[in-house]
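Contents: one structure, followed by commentary.
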Amino acid sequence: MTLKNYTAIGYVLSLMLLLLSFFMLISSLADLAFFNEHAFVFFISAGITIFCALTLFFSCRRETFTFTIQQGIVMTVSIWFIITFFAALPFYLSTIDINFTDSFFEAMSGLTTTGATVLVNLDTMPKGLLLWRSLLQWIGGVGIIFTAIVVLPLLKIGGMELFPTQSNDLSEKKYFLPRKTAFTILGVYLGLTFLCMQAYDFSGMTVFDSINHAMTTIAIGGFSTHDSSMAYFNSEIILCFSTIFMISGSLPFIYYVYILQRNWPVVFTTSQPRVFIILLGVSIVVIFLFYPYEKTLNSFISIVFNTTSVMTGTGYSSSNFSQWGEVANLLFFILMFTGGCAGSAACGIKIFRLEVAFRGLIRMAHYRLYPRGVFSTQYNDKPLSRDIERSVFTFIIIYFITFIVVFILLQSLGLDTISASSAAASALSNLGPGLGDIVGPSGNHGTLDDSIKWTLAFTMLIGRLEIIPVIAFFCFMLKRRTLHSYG
């Protein structure tokens, strides 16, 4: 890429940093409202961020440009990484006294909506810092929605090119997201956050808790303002509302646009939300049948809540579900990879890829039985191209190869088998808590070695960006360095 290409990326980055500094100032207001002197930390962090942003802004002139695939890869990966660095400043400069590794881990967990935390004593932590954690997840949630709808389809990653279209037409075309649609999606995101906040407030949460949990619920993030997460409130009504809005945040946001546009053919013919609900329902029934304790209405609500939290990748917990028996642990481990719908704030492999892969396997089985037959993979009653089918299979293979590599690396760094496997799965799927005593719902990542934290932080990033852009980024940079070395 030329200097002009990097100038364009620098300009976009400067705008993102300015927006980040704005949210830092919002967090400072929470400390000021509660008369906490911690507000000065956000002023310092915002000042550093604004200075760097303005330096980039005036150094990179604004020009009319069209992003190439290479620019899209470099911009997507570098912006998420650099933004995380600046987002870590309020943690690092705060009065809670944590090192930069923990600060970066917490910021990465927030922006990738993972929900794993190294912090303790949340109940007594400065309000501004608690709000900052929630804002990071809320920003990351809307950020990944636009990344999934705009950037990833252009890069043709794992079949994502199916989802930015304005209809169910799967023919070859140039994909884009009209400005009006983008603002509508943002409006839906804001609207769901407001409704969730009202529901939590109605259920008995304080206003501060309602705001924070609404942002982390819709963003499928899972950060809480209390160490015991949702168990702190001891309220089945809160768990029910939380379940509803976790599901809402896991559905494709573009389909909310279709509903507002009354595009009923697309709303009623798309199979992704339907398959998501069916898989969630079956998982809940299986876990309830093998639940080792007394089966009551409260236990059923807890099962529904925690299963939804794991499958969507939210990461909330109302009880230590790792103690629900081997069947539940195995199913939860599988659900860690599943995730929600494409084009939502959820994570994981995504429902549509699993559906396409399953239909592709059925097609191949038919072909083996009837070698002379002609079969095609159908999705939403439309034939899928072989390129999309291969893209989905390739992504799933790379996904599990990445999981195995991270799992082996974590084991070599000292984690036991259960902790290493569940930590790798939860970080790659941006879930948060894993299984076991160390990284489970009752554990805390703060006890882990720094090398493990950096490994998990990097895994969160590649999982949130769907793996392939990060691989392509390093391949591109390595190629540039090699060409530069040979002159």
Checklist outcome for this item: Yeah, region 365-487 with a ≥ b ≥ c from its alpha-carbon gyration tensor (a/c under 1.5 is rounded, else prolate when a/b outruns b/c, oblate otherwise) is oblate
Item to check | region 341-428: C-alpha pair distances exceeding 22 Å, % | outcome: 43 percent
Checklist entry - For region 191-241 and region 4-62, what is the separation of their Cα centres, given in Å? => result 28 Å
Checklist entry - With labels modelled as points extended 7 Å from the Cα through the Cβ direction, what inter-label distance (nm, one decimal) is found for V207 paired with L29? => result 1.2 nm
Item to check | Whole-Hz couplings from phi, Karplus 6.51/-1.76/1.60, listed for region 84-90; x for Gly and Pro | outcome: 4, 4, 6, 5, 7, 4, x
Checklist outcome for this item: With all protein chains present and a 1.4 Å probe, the order of D437, D123 from largest accessible area down is D437, D123
Checklist outcome for this item: Taking the alpha-carbon centre of each part, the distance from region 277-308 to region 415-473 in Å is 25 Å
Next on the checklist: Charges at C-beta only: +1 for Lys and Arg, -1 for Asp and Glu. How large is the resulting dipole of the chain about its Cα centre, in Debye rounded to 20?
Outcome noted: 2200 debye
Checklist entry - Taking the simple approach of a point 7 Å from Cα along Cα-to-Cβ for both D416 and I278, what is their distance in nm? => result 3.9 nm
Checklist entry - How do the peptides 310-316, 457-463, 14-20, 107-113 rank, highest first, by the average count of neighbouring beta carbon atoms within 10 Å per residue? => result 310-316, 107-113, 457-463, 14-20
Next on the checklist: Placing unit charges on C-beta atoms (Lys and Arg positive, Asp and Glu negative, everything else neutral), compute the dipole magnitude of region 350-487 about its Cα centre in debye, rounded to 20.
Outcome noted: 800 debye
Item to check | Rounded accessible area per residue of the chain, 1.4 Å, Å² | outcome: 44 Å²
Checklist entry - For N444, what charge total do you get from the other residues with a beta carbon under 13 Å from its beta carbon, if Lys and Arg give +1 and Asp and Glu give -1? => result -3
Checklist entry - Where in region 361-382 is the amide nitrogen less than 20 Å from a point lying 7 Å along the Cα-to-Cβ axis of R390? => result 361-368, 374-379
Checklist outcome for this item: Convex hull around the C-alpha positions of region 296-356: the volume in Å³ per residue is 87 Å³
Item to check | Contour excess over end-to-end distance, with Cα ends at N320 and V120 and 0.36 nm allotted per residue | outcome: 70.3 nm
Next on the checklist: Could you order the peptides 76-84, 233-241, 249-257 from most to least packed, using the average number of other C-beta atoms within 10 Å per residue?
Outcome noted: 249-257, 76-84, 233-241
Checklist outcome for this item: Of the candidates L415, G436, F393, the farthest towards the positive dipole end of region 341-487 (Lys/Arg Cβ +1, Asp/Glu Cβ -1, centred on the Cα centre) is F393
Item to check | Most to least packed among 290-296, 464-470 [average Cβ atoms within 10 Å] | outcome: 464-470, 290-296
Checklist entry - Roughly to the nearest percent, how much of the accessible area of the chain is carbon and sulfur, given a 1.4 Å probe? => result 68 percent
Item to check | Label-point gap, in nm, between I244 and V327 - each point 7 angstrom along Cα→Cβ | outcome: 3.0 nm
Next on the checklist: Spelling out what I want: for every residue of region 305-318, take phi, set θ = phi - 60°, compute 6.51 cos²θ - 1.76 cosθ + 1.60 (Karplus), and round to whole Hz; glycine and proline get x.
Outcome noted: 5, 5, 5, 4, 4, 6, 5, 7, x, 5, x, 5, 8, 10
Item to check | Length added when fully stretched, T95-F474, from 0.36 nm per residue minus Cα-Cα | outcome: 132.8 nm
Checklist outcome for this item: For region 246-371, the Cα gyration tensor yields equivalent-ellipsoid semi-axes (√(5λ), largest first, whole Å) of 28, 21, 12
Item to check | Rg and Dmax of the chain, Cα atoms only, in Å | outcome: 22.1, 76
Checklist outcome for this item: Note: probe point = Cα of N263 + 7 Å toward Cβ; backbone nitrogen < 20 Å; residues of region 180-218 passing the test are 180-192
Item to check | In order through region 421-436: 3J(HN,Hα) via Karplus (6.51 cos²θ - 1.76 cosθ + 1.60), integer Hz, x for Gly, Pro | outcome: 5, 6, 5, 5, 5, 5, 6, 5, 8, 6, 8, x, x, x, 10, x
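The values are calculated or read from the model by the stated rules, or taken from the named source; none is laboratory data. Predicted, not measured: the structure shown is a model, and the values here were computed from it. So basically every Cβ, Gly included, is an ideal-geometry build from the backbone, and we count neighbours across all protein chains shown. When the accessible area is computed, the model is the full protein with side chains, heavy atoms only, and any ligands, DNA or RNA have been set aside. Shrake-Rupley method; radii C 1.70, N 1.55, O 1.52, S 1.80 Å.
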